[in-house]
Structure formats: structure tokens, C-alpha cells
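Since the structure comes first, as C-alpha cells, the remarks are kept for the end.
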Amino acid sequence: MNDEDSPQDTIFGKIIRGEIPADIVFQDDTVTAFRDISPQAPVHILVIPNQVIPTITDVTEAHEPLLGHMMTVAARLAESEGIAEDGFRLIVNCRDYGGQEVYHLHVHLLGGRPLGPMLAS
Ligand code: 5GP
């Protein structure tokens, strides 16, 4: 079954495959990073695995190298975006209460201004 036939396919799958446009800032064999379409801070980048993992609770030990790579990519992007020294935030939302909208695992990299308290309410 091709990815695009999978019921797990999302808008992010289309971005990875280049089927819809996105401002991709990094891509390799396992990870893609692109600017969020609705940025919540001056820098708002999504770091996602190229394979579909719907939520963080779907990961297994086999995903650990991939998850580590996502963190490394996020850290390097924070540096290249010039927000590493002042500080930034990484967020992974999970399902309903976590506010997850797209069911393809992603890490939000947010920075470029003071981000305030961790939770809005
Ligand atoms: P979530 O709420 O699932 O943690 O975050 C999903 C994020 O994906 C949101 O911040 C939303 O703005 C972003 N997003 C949704 N659709 C698109 C899209 O088509 N392109 C890009 N670049 N970002 C998207």
C-alpha cells in the first residue's frame, strides 16, 4: 500500500511527498521540517518523521533513533534560526486534551520572542 492510500495519511504526508507546497527548511531520509502555516511565534517550525506515526503514544523502542534525530534536527534548526541563545520551546501535542489537530507526530519548534507561561490556562 502506498502512503497516499493509507487511512493514516494526513496533510503532512502530502507535504513530505511535495504534493502541496510548504516552506521546507530541512529534509533528509527520515525527517522533514517546515514552517507552520499559522505561526504562533516569529519562528514556528514543525519537525516530523517521514513515516506516519499518528501520536507520541504510538512510538515503540524501535523509533528511538528517529525520535532522537528529530530532537537533534530541532536543536540545529534553533541554532540556524538564531533563537538558540535566547531560548525556545519544543511542544508535542497528543490527542484531544493535548490539542493535537494533525495525526502525524510532530514537534513544534517555537521561539523568537518570550513565550510566556507554559499553559494558556
Ligand atoms: P497540532 O495542533 O496538531 O499540534 O499542530 C498542527 C499544526 O499544523 C498547527 O500549528 C497548524 O497551523 C499546522 N498546519 C496545519 N495544516 C498545515 C499545512 O497545510 N501547512 C503547514 N505548513 N502547517 C499546517
| task | Test LEU105 against the criterion of being in contact with a strand residue (DSSP E or B) (Cβ under 7 Å, 6 or more places away or on another chain) and within 16 Å of the ligand (Cβ to nearest atom), and give yes or no. | result | yes
| note | Over the stretch 13-24, the set of residues within 8 Å of the ligand (Cβ to nearest atom) and in contact (Cβ under 8 Å) with a residue 12 or more places away in the chain is ILE15, ALA22, ASP23
| query | So which of GLN27, GLN40, GLN8 is at pLDDT below 95 and within 15 Å of the ligand (Cβ to nearest atom)? | reply | GLN8
| What pairs can you find where one residue is in the stretch 88-99 and free of Cβ contacts under 8 Å to residues at least 40 places away in the same chain, the other is more than 8 Å from the ligand (Cβ to nearest atom) and open to solvent by 50 Å² or more (accessible area, probe 1.4 Å), and their Cβ atoms are less than 7 Å apart, with a gap of 6+ or different chains? | VAL92/ILE56; CYS94/ILE56; CYS94/THR57
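The values are calculated or read from the model by the stated rules, or taken from the named source; none is laboratory data. All figures in this text were calculated on a predicted structure; none of them were measured in a lab. Ideal geometry is used to build each Cβ from the backbone, glycine not excepted, and the neighbour counts take in all protein chains shown. Remember, those area values only see protein heavy atoms, side chains included, never the ligands or the DNA or RNA. Shrake-Rupley method; radii C 1.70, N 1.55, O 1.52, S 1.80 Å.
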